[in-house]
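Below is one structure; the comments refer to it alone.
The values are calculated or read from the model by the stated rules, or taken from the named source; none is laboratory data. Owing to the predicted nature of the structure, the values given are computational and were not obtained by experimental measurement. With ideal geometry, Cβ positions are generated from the backbone for all residues, glycine too; neighbour counts draw on all protein chains shown.
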Amino acid sequence: MSDATDYVPPKVWEWNKENGGRFANINRPIAGATHDKDLPVGKHPLQLYSLATPNGVKVTVMLEELLALGHAGAEYDAWLIRINEGDQFSSGFVGANPNSKIPALVDHGESSPVRVFESGSILIYLAEKFGAFLPSERAARAETLSWLMWQMGSAPYLGGGFGHFYAYAPFRIEYAIDRFAMEVKRQMDVLDRRLAESEYLGGADYSIADMATWPWYGALAKGLIYEAGEFLQVQDYRNVQRWTDAIAARPAVRRGRMVNRVMGDPASQLHERHDAADFDTKTQDKLAPASEK
């Protein structure tokens, strides 16, 4: 390992705007809105404000899976929140999620609009609202929720930890990358061992635990995030690979992954979704800025 730096933390930390790396323009140590702007509201009771990051994909997959089951009440409008442009700091978005993170859901189908934020919370809310993808039997429900919370607690090490220092930091720090690579590989081993004994995370049935975990660890298993597949030897986790492929083959998952996507193959992008027919009419072509067409 290379020599440690001579950095000594100051007695009182001060924010250095120039030291934020790739996301320096949006990261800040305070909460609250930076500008006034109301959130748009479409024709459906469920209004989603999001971007197709792994956390955003969790919810669009859930909504598309509910629709595939025949839950017409799960129809939704999905509005694009461009986090690199600071949309998450509008007064409307902060009203939906004080933490200014995507995704945020507002349910206008109740007597008073219900805001739901944090991706895991949204999955539970929708599962309970529609009675799907979360077992009612106590032991099975506990197992499913335990794996959901495992994902919620583990992902910051994968994204904010490994992903930041390996892919986004302005310079690479050997100690930080080693520390988080070790933890991510431990997490992949936890997942692989569970999937060696069970078809899905909660048991025999596909659930919100799988929907939460697949966009993060499935993408990692296929080398789709951080370009770190070879570095982490992800092909060795064969049970994760089997599970990843099975979920990726689901039609609702393929649709959900497209919604609010602004990166990659244009054919895989649906910037906003307001009707099931949008998948056929290429809404992304209408919404893309001229520079992207």
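See the values below:
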{"item": "Residues located in the stretch 1-33, provided they are surrounded by 10 or more Cβ atoms within 10 Å (Cβ to Cβ) and at pLDDT 95 or above", "result": "31, 32, 33"}
{"item": "Selection within the stretch 174-199 - farther than 26 Å from residue 243 by Cβ and in contact with a helix residue (DSSP H, G or I) (Cβ under 6 Å, 6 or more places away or on another chain)", "result": "176, 177"}
{"item": "Test for residue 78: is it in a strand (DSSP E or B) and aliphatic (A, V, I, L, M)", "result": "yes"}
{"item": "Of all residues making up the stretch 34-64, the number that are closer than 22 Å to residue 111 by Cβ and hydroxyl-bearing (Ser, Thr, Tyr)", "result": "1"}
{"item": "Conditions (1) among the hydroxyl-bearing types (Ser, Thr, Tyr); (2) surrounded by 14 or more Cβ atoms within 10 Å (Cβ to Cβ); (3) under 25 Å from residue 276 (Cα atoms); number of the one not met by residue 121", "result": "(2)"}
{"item": "Number of the exception - residue 69 against (1) over 17 Å from residue 99 (Cα atoms); (2) buried (at least 22 other Cβ atoms within 10 Å of the Cβ)", "result": "(2)"}
{"item": "Residue in the stretch 196-203 that is surrounded by fewer than 19 Cβ atoms within 10 Å (Cβ to Cβ), of a type in the set (Gly, Ala, Ser) and under 23 Å from residue 67 (Cβ atoms) present", "result": "no"}
{"item": "From the options 260, 239, residue that is at pLDDT 95 or above and at positive phi", "result": "260"}
{"item": "Residue in the stretch 155-171 that is over 27 Å from residue 25 (Cβ atoms) and assigned to a helix (DSSP H, G or I) present", "result": "no"}
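So that you can scan it fast, the table gives a plain yes or no per residue for (1) in a helix (DSSP H, G or I); (2) surrounded by 19 or more Cβ atoms within 10 Å (Cβ to Cβ); (3) more than 21 Å from the chain's Cα centre (by Cα):
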residue: 175; (1), (2), (3): yes, no, yes
residue: 180; (1), (2), (3): yes, yes, no
residue: 187; (1), (2), (3): yes, yes, no
residue: 192; (1), (2), (3): yes, yes, no
residue: 209; (1), (2), (3): yes, yes, no
residue: 213; (1), (2), (3): yes, yes, no
residue: 226; (1), (2), (3): no, yes, no
residue: 246; (1), (2), (3): yes, no, no
residue: 255; (1), (2), (3): yes, yes, no
